[in-house]
Amino acid sequence: MLPDHQLSYAAREMACHFIDVYKDRLQDDSDHLKVHCYRAAFQHIVIKLHPEFDRGKIKLTVKHATDLPFEKYCKINLKKLGYNEVIPQDLMLEAKVYLKQWKNVMSFYTIRLALSPVLETIILLDRMLYLYQHGITSILVPIFDPKISPRNFLLLSHKT
């Protein structure tokens with residue numbers, strides 16, 4: 001990257017996702033994708049209860065999350081975070097309003113994922129530029145189907 005510049009962890013993490021995989025999920029099972037809205041509504045609760053909470057640092061996963069009532073999903077995740085308090089009813093109702101906006105959350109997530117190839121390209125080109133600046137020629141070679149993994153490029157270099 002440029003001197004004194006760096007991509008955030010969230011940007012680097014996003015770069016490793018591939019929109020085509022998400023597109024397939026959108027076409028197959030929208031209920032499975034509602035978990036993004038569960039996460040967003042849960043994050044609202046955690047931030048209200050613990051404003052000091054550093055979001056984005058912890059990845060919470062609950063199997064079959066959308067098969068659970070939202071209250072149970074929250075209770076499981078609060079416990080994983082080490083919090084044992086009961087969520088006030090007014091805060092739970094506030095968060096449940098967000099659940100009705102799951103299509104908006106999915107739309108935002110889709111737009112976000114559409115940018116992931118751009119970020120991945122920036123990272124790869126930055127590494128190529130570094131090599132070039134040090135007298136090493138390089139090329140990017142796709143080595144397998146990006147649906148298997150978006151990180152399907154091999155940075156091949158040759159020092160002369």
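Each value in this text was obtained by applying a stated rule to the coordinates, not by laboratory testing. Since the structure is predicted, the reported quantities are computational estimates derived from the model, not experimental observations. As a convention, Cβ positions derive from the backbone with ideal geometry for all residues, glycine included, and neighbour counts pool all protein chains shown.
Summary of values
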item	result
Per-peptide average of other Cβ atoms within 10 Å, ordering 70-80, 105-115 highest first	70-80, 105-115
For the range 63-77, Karplus couplings with θ = phi - 60° (6.51, -1.76, 1.60), whole Hz, Gly/Pro x	5, 6, 4, 6, 7, 8, x, 4, 4, 5, 4, 5, 4, 4, 6
Percent RCO, i.e. relative contact order, over the range 116-159, from Cα pairs under 8 Å lying at least 6 residues apart	34 percent
Cα pair count fraction exceeding 17 Å, expressed as % - the range 94-160	59 percent
Candidate lysines - alpha carbon under 21 Å from residue 80, same-chain residues fewer than 8 apart omitted	34, 48, 57, 59, 63, 72, 96
